[in-house]
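Below is one structure, written out as structure tokens; comments come after it.
Each value in this text was obtained by applying a stated rule to the coordinates, not by laboratory testing. Quick caveat: nothing in here was measured; it's all calculated off a predicted structure. No Cβ is skipped: glycine too gets one built from the backbone with ideal geometry, and neighbour counts run over all protein chains shown.
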């Protein structure tokens with residue numbers, strides 16, 4: 001009888017582990033309506049990739065290849081030529097971020113001080129503050145990309 005209880009408990013534990021492994025944002029990619037992407041990695045690391053090539057958001061500390069960019073203007077900064085930064089030639093501008101998740105929420109903090117807390121919705125999407133991040137309301141809702 002004890003063996004049956006142990007076996008049943010082991011099976012329930014394994015089933016719960018399988019079900020819970022699909023939860024959370026680690027390893028998932030989310031996109032805004034403007035095409036910005038946030039790729040959540042393991043270990044609480046994430047990367048935000050700007051949807052419009054050549055645009056650095058207000059107060060964003062971003063990277064373009066080996067070049068580090070800081071936009072302290074309070075407005076979008078557009079790098080419009082294929083000159084020094086070559087952003088309109090297909091390269092993306094991105095920022096490194098960290099995140100914590102728990103209790104149905106994900107808190108994302110990116111270089112330059114951008115921070116937002118998102119609620120995990122039943123469809124897997126994330127809802128954040130209406131003002132979004134970097135003064136971009138598109139970041140108020142993130143849709144999970146199906147892998």
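Taking other C-beta atoms within 10 angstrom as a stand-in for reagent exposure, 41, 68, 28 fall in the order 68, 41, 28, fewest first. Going 7 Å from the Cα of residue 98 in the Cα-to-Cβ direction, what parts of the stretch 32-69 have a backbone nitrogen less than 19 Å from that spot? Output list for this probe position: 39-49, 60-63.
For the pair the stretch 24-49 / the stretch 94-147, the C-alpha centres are spaced 8 Å from each other.
Of 67, 73, the sequence from fewest to most neighbouring Cβ atoms within 10 angstrom is 73, 67. Distance between the pseudo-spin-label points of residue 42 and residue 121 (7 Å out from Cα toward the beta carbon): 3.0 nm.
Every pair of different Cα atoms in the stretch 25-144 enters the Kirkwood calculation, which places the hydrodynamic radius at 14.4 Å.
Just rank 77, 108, fewest to most, by other beta-carbon atoms within 10 angstrom.
Listing 77, 108 from fewest to most nearby Cβ atoms yields 77, 108.
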